[in-house]
Amino acid sequence: MATDTNIGTTTYTLLTEKQAALQAKCPRCRRGDLFKNKMYSFKQTMNDRCPHCNLKFEREPGYFYVSMFVSYALNVAEMVAVCVAIYVLTRSENPMIYIGIFLLATFILSPFNFRYSRVILLYWLTPGLRFNLEKSKDLPLETQE
Ligand SMILES: [Zn+2]
């Protein structure tokens, strides 16, 4: 973020929807972080509210239970990809190789699935939650919802 010399004027790069989703930014302002820690951290902790626009991420109690279904879909897609890759690379018919490598891949990819299941839920599966240019601008938090 670069700051202008004019007092009260800050310039920033407005991210596209895909860039903001990949960087796990708030879906409304695309500036605040959804998570407190980095993508490769095994302990993923989500912010309750957007640090920039103060949007409450958990839309209603238990909202993120829905992300378990998204996470399940991601896991199935990864399982298919891993199994096809194992078959192409090894031509093995031993099921223990598939199970072992898949369980390892599931463990390694669990922070990714946790993070991006919530991102997918907030960006594309939540009705009425859209990017708002006004919320993206630099305003004091008290004036925002
Ligand atoms: Zn925000």
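Annotations
- Of all residue pairs spaced 6 or more apart or on separate chains, those with beta-carbon atoms under 6 Å, a first member in the range 48-64 that is within 16 Å of the ligand (Cβ to nearest atom) and a second member that is assigned to a loop (DSSP other than H, G, I, E, B) and of a type in the set (S, T, N, Q) are Cys53/Gln144; Asn54/Gln144.
- Looking across the range 25-47, the residues that are closer than 16 Å to Ser136 by Cβ and either small (Gly, Ala, Ser) or more than 8 Å from the ligand (Cβ to nearest atom) (or both) come down to Gly32, Asp33, Leu34.
- Residue, farthest from the ligand (Cβ to nearest atom), within the range 15-24, restricted to residues that are assigned to a helix (DSSP H, G or I) and exposed (fewer than 13 other Cβ atoms within 10 Å of the Cβ): Lys18
- All positions within the range 106-139 that are among the β-branched types (Val, Ile, Thr) and in a loop (DSSP other than H, G, I, E, B): Thr126
- Residue in the range 79-100 that is among the acidic types (Asp, Glu) and surrounded by 11 or more Cβ atoms within 10 Å (Cβ to Cβ) present: no
- Under the condition of being surrounded by 15 or more Cβ atoms within 10 Å (Cβ to Cβ) and either on the phi > 0 side of the Ramachandran plot or not small (Gly, Ala, Ser) (or both), the residues counted in the range 52-78 number 13.
Every number in this text was worked out from the coordinates using simple rules, so none of it is lab data. Just so it is clear, the structure is predicted and the values come from calculations on it, not from any experiment. In this analysis, Cβ positions are derived from the backbone assuming ideal geometry, glycine residues included, and neighbour counts consider all displayed protein chains.
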